[in-house]
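Student: Okay, handing you the structure first.
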Amino acid sequence: QVQLVESGGGLVQPGGSLRLSCAASGSIFSIYVMGWYRQAIGKQRELVAFMTSGGSIRYADSVKGRFTISRDNAKNTVSLQMNSLEPEDTAVYYCNANYLTRDYWGKGTLVTVSS
């Protein structure tokens, strides 16, 4: 069992930056693929970025060059640095941990990009 708690969301102006963090507990963190997903109002949840246990990274095309995912296996954390934020980035952001058939989600943190 893995428990995930996100933090760092909030209101930011277009062009601004935010850093999301996800703290994990309860299992062997390093084996999991850790990812960030988001869901805007009226839309399906979508992948933002993920990072495998071996360090491979994938980003959604919409965030490439603006967002950076990182993880600290010693601290059981995964972070998402978001720069050059756009109104279209407004969504609830969820942390995800995945290993084979095990799939865990945090409760989400709201990011609002607005002037």
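The values are calculated or read from the model by the stated rules, or taken from the named source; none is laboratory data. Just so you know, these numbers come straight off a predicted model, no measurement behind them. Note that each Cβ is placed from the backbone with ideal geometry, even for glycine, and that neighbours are counted across all protein chains shown. Side chains are part of the model used for accessible areas, which takes the heavy atoms of the whole protein and leaves out ligands, DNA and RNA. Shrake-Rupley method; radii C 1.70, N 1.55, O 1.52, S 1.80 Å.
Student: Which residue fluctuates the most in the chain, going by a Gaussian network model with Cα springs under 10 Å, if the choices are 90, 101, 77?
Tutor: 101
Student: What does the net charge come to around residue 29 if you take all other residues with beta carbon closer than 13 Å to its beta carbon, with K and R at +1 and D and E at -1? Before the final figure, lay out each step's value.
Tutor: On the way: positive: 71, 75, 102; negative: 72.
Counting the neighbours of residue 29, the net charge comes to +2.
Student: From the phi of every residue in the range 13-27, what ³J(HN,Hα) in whole Hz does the Karplus formula 6.51 cos²θ - 1.76 cosθ + 1.60 yield, where θ is phi - 60° and glycine or proline is x?
Tutor: After applying 6.51 cos²θ - 1.76 cosθ + 1.60, I find 7, x, x, x, 10, 9, 10, 9, 10, 9, 9, 10, 8, x, 7 Hz.
Student: Quick one: what do you get for the range 65-115 if you divide its Cα Rg by 2.2 N^0.38 Å? Could the numbers behind the result be given before it?
Tutor: Numbers: Rg = 13.1 Å, N = 51, 2.2 N^0.38 = 9.8 Å.
Dividing the Cα Rg of the range 65-115 by 2.2 N^0.38 Å gives 1.33.
Student: If you rank 57, 28, 41, 69 by how much accessible surface each has, with a 1.4 Å probe, what is the order from largest down?
Tutor: Working: 57 80, 28 105, 41 170, 69 5 Å².
The residues order as 41, 28, 57, 69, largest area first.
Student: Okay, moving on. Using DSSP to call loops (not H, G, I, E or B), can you name the trypsin sites (Lys or Arg not before Pro) in the range 27-115 whose Cβ has at most 13 other Cβ atoms within 10 angstrom?
Tutor: On the way: sites: 38, 43, 45, 58, 64, 66, 71, 75, 102, 107; in loops: 43, 45, 64, 66, 75, 107.
Answer by residue number: 43, 64, 75, 107.
Student: Setting aside same-chain residues fewer than 8 positions from residue 75, which aspartates and glutamates have a Cα under 18 Å from its Cα?
Tutor: 6
Student: About its Cα centre, what dipole magnitude does the range 43-115 give when the only charges are +1 on Lys and Arg Cβ and -1 on Asp and Glu Cβ, stated in debye to the nearest 20? Provide the component values of the computation, followed by the final result.
Tutor: Working: 9 positive and 7 negative charges, 48 e Å.
In debye, rounded to 20, the range 43-115 gives about 240.
Student: Give the Cα extents of the range 1-102 along the principal axes, in whole Å, largest first.
Tutor: On the principal axes, the range 1-102 reaches 37, 27, 23 Å in Cα extent.
Student: What is the percent carbon and sulfur in the accessible area of the chain, measuring with a 1.4 Å probe over the protein chains and ignoring ligands?
Tutor: Details: 3060 of 6200 Å².
Heavy-atom surface of the chain belonging to carbon and sulfur, 1.4 Å probe: 49 percent.
Student: Can you tell me the accessible area per residue over the chain, all protein chains present, probe 1.4 angstrom, in square angstrom? Could you put the intermediate results ahead of the total?
Tutor: On the way: 6200 Å² over 115 residues.
Per-residue value: 54 Å².
Student: Less than 13 Å Cβ to Cβ from residue 97, Lys/Arg counted +1 and Asp/Glu -1: what total charge do the surrounding residues give? Present the calculation step by step, with values, prior to reporting the outcome.
Tutor: Numbers: positive: 71, 102; negative: 6, 103.
Once all neighbours under 13 Å are counted, the net charge is 0.
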